[in-house]
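The next block holds one structure in the form of structure tokens; read it before the comments.
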Amino acid sequence: MMNGYMGRILKVDLSSGAVEKIPLDATFARMFLGGNGFAAKFVYDLVPCTADPLSEENIVVFATGPFNGSPVWGTGRGHVAAISPQTGMFCDSNFGGDFASMLKKTGFDAVILSGRASSPVYVSINDEGVFVKDAEDLWGKTTGETHRLLVEKEGGKAESAVIGPAGENGVIFAGIMCSGSRVSAAARGGIGSVLGSKNCKGVVVKGAGKAEIADPDALKSYLKTLFPDVRKKTAVLSKMGTPFLVDMINSKGMLGTHNNMRETFDRAYEISGELILKKYIKKSVACHGCPVACGKLVPVPDGEFAHLDVKMPEYETLYAMGSMLDNDDIVSIFNGNTMCDEMGMDTISFGVTLAFLAECVERGIVGEKELKMEISFGNWENLSEIVKKTALREEGIGWLVSLGSERLSEQLGHDSYKLLYSQQGLEITGHSARGLQNMGLAYATSTRGGSHQDGRPYYAGKDDPYSDESPEHCIDTEHNSAVGDSLVMCRFLQERAFGMKLNDSYLPVIRYVTGWDIDLDELTAIGERIYNLERIINVKRGANRSTAMLPYRVMNEPVPDGPCRGRYVPQTKLDRMMDGYYKLRGWDRDGVPVDGKLSELGLA
């Protein structure tokens, strides 16, 4: 057995119920590491470039990496990927909780689900075998109910990754909820609806296996030297979690507000980490084996989940359901966030789509007759009700929001595309595409669309938002993200322990876990290989320079107020950044990786 790996890949054909256990090749493992890299390679190899994302030709890959189950902090996470119904392109999503750690204990480094079951099923993986089981009694259940029922069926230590009603009903941005002391979402890109299209409620795992580590004593000793600095850099996350970003980003004039018409929210404190810490935080919760515990439980005073302790919303949810909706009612966000988790739905795409719809109402493009209810900015006491209607795709607002903003814009017409805040079909996250020097380019080059988890935001940069350094920073962080998501490691701990760019500090940890003497050039090539492979998948599915264009508002309307007043990304500046990016990547002017680059990376 290879150090850091269990040595097997599991394939389950849901159409036939056939199970195949494939030995993991050591050369393959070193080329792609795990997680993100494995998922991209399996999608490239197994999914035809003409496959509809919701057809049985698509696959869903759950993958772990060599760091899972090791003492390295923040490595209880996993990765899931498929061709996204939201973007039509490759999409991967990283998740926490306890599911990934338990999946690896079952003896598999990755699970590939293909085909389509004739009736609802779930996949059970444990030390006794792999079973495709009937899930008729789970269909229609919320994710929380499903987790509880699966524990009853499979035993007390079972962990699961499941969809809710949103995934069953084909909501375009349905996600997958993963169990654990800190419940976590693999939410972006609609992979939950891919599982739903396969009549698969999810995967439940229970095992007792353990991967060998090459040099555990040296690993622990090295981590001990890094930990004081890591503890210092993660202190704010331990205290407040990601909501600490609300005030920081708003103070810089980069917090999307009123469907991104503005980028300052004058009531930001009411949805901030400081307010939540002062009034609501009751308990810290952590993903498997994590010392940071950035998750928090908060009590809900009233509404749908009144008198329950629920998961605190992350920064991205506070942006999407808060400032983007002009909503300073933190309790409505607690309820809306929890309902999204129970229904199995991406809070970012939900909130940003709803903000788009609210501006369409404000401008008279759509009205109460079509929505079958009244909505307006700043008035969201019924947020959890709208979430439920969306998950069930109820006629009116539920069906409209369930389309996602780009498809909804196509339905509405009337130049509504000018109000969108999405890229390549995926709603953009809470890191300004106009105000932050590198993020316009990062969204344009992300293989996922409007995601901040490929190219990474850098808030300590120069004042010039169009720095010539942007292409290099974007590429460096894309490679860093690809490696971190393949090892697999929490982004917060990865960047605070090792940095935002690949560097020598990774090398001892990789050597102590796997035994491989990987140098920095090889590690950089791995990140570059994975990102190029994702790009090849997308190019084969129609991605090119034209699909990299940013939203109309970002490219044509300067930020109207605040510290970033006047900033935007006109075509000439985006072209300049894209030209520099493609040249550094070794791609042609249309963003296609050339044969020489692919040969260099072993992808010819």
Amide H contacts under 5 Å for GLY115, placed H, 5+ residues apart
LEU14
What size of dipole, in debye to the nearest 20, comes out for the chain about its Cα centre when the only charges are +1 on Lys and Arg C-beta atoms and -1 on Asp and Glu C-beta atoms?
920
Calculating percent of Cα pairs over 40 Å apart from this structure picks out, from [x] 39; [y] 19; [z] 24, entry [y]
So how much slack lies between SER546 and ALA51, counting 0.36 nm per residue of separation and subtracting their Cα-Cα distance, in nm?
176.0 nm
Testing the spin-label approximation: label points 7 Å from Cα along Cα→Cβ at ARG565 and GLN411. State their distance in nm.
3.9
Ordered by fewest other Cβ atoms within 10 Å, a rough proxy for footprinting exposure, SER272, SER124, SER546 read SER546, SER124, SER272
If you find the alpha carbon centre of the range 395-436 and of the range 134-191, how far apart are they in angstrom?
26
May I ask you to sort TYR458, TYR319, TYR44, TYR512 by Cβ crowding, counting other Cβ atoms within 10 Å and putting the fewest first?
TYR44, TYR458, TYR512, TYR319
Per DSSP H run of n ≥ 4, the term is -39500 (n - 2.57); total these for the chain, divide by its residue number, and report the mean residue ellipticity at 222 nm rounded to 500 deg cm²/dmol.
-11500 deg cm²/dmol
Which whole-angstrom value gives the distance between the alpha carbon centres of the range 519-542 and the range 236-263?
31
What is the range 8-206 by shape, rounded, prolate or oblate, if you read a ≥ b ≥ c off the alpha carbon gyration tensor as root eigenvalues and call it rounded for a/c under 1.5, prolate for a/b larger than b/c, and oblate otherwise?
rounded
Any lysines with Cα under 24 Å of the LYS278 Cα? List them, leaving off those in the same chain fewer than 8 positions away.
LYS232, LYS233, LYS239, LYS252, LYS296, LYS311
How many angstrom separate the Cα center of the range 549-604 from the Cα center of the range 484-509?
25
LYS282: which aspartates and glutamates have alpha carbons under 17 Å from its alpha carbon, excluding same-chain residues fewer than 8 sequence positions away?
GLU274, ASP302, ASP309, GLU314
Rounded to 5, the percent of DSSP beta bridges in the range 8-206 classed as antiparallel
75
Can you put GLU534, GLU168, GLU495, GLU600 in order of Cβ neighbours within 10 angstrom, beginning with the fewest?
GLU600, GLU495, GLU168, GLU534
Can you list the lysines whose alpha carbon sits under 22 Å from that of LYS206, skipping same-chain ones fewer than 8 residues off?
LYS11, LYS21, LYS104, LYS105, LYS133, LYS141, LYS153, LYS157
Based on the mean of other Cβ atoms within 10 Å per residue, sort peptides 153-160, 67-74 so the most packed one is first.
67-74, 153-160
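None of the figures in this text is laboratory data; all of them are computed from the coordinates on show. Computed from a predicted model, the values in this text were never measured in an experiment. Don't worry about glycine lacking a Cβ; one is built from the backbone with ideal geometry, like all the others, and counts go over all protein chains shown.
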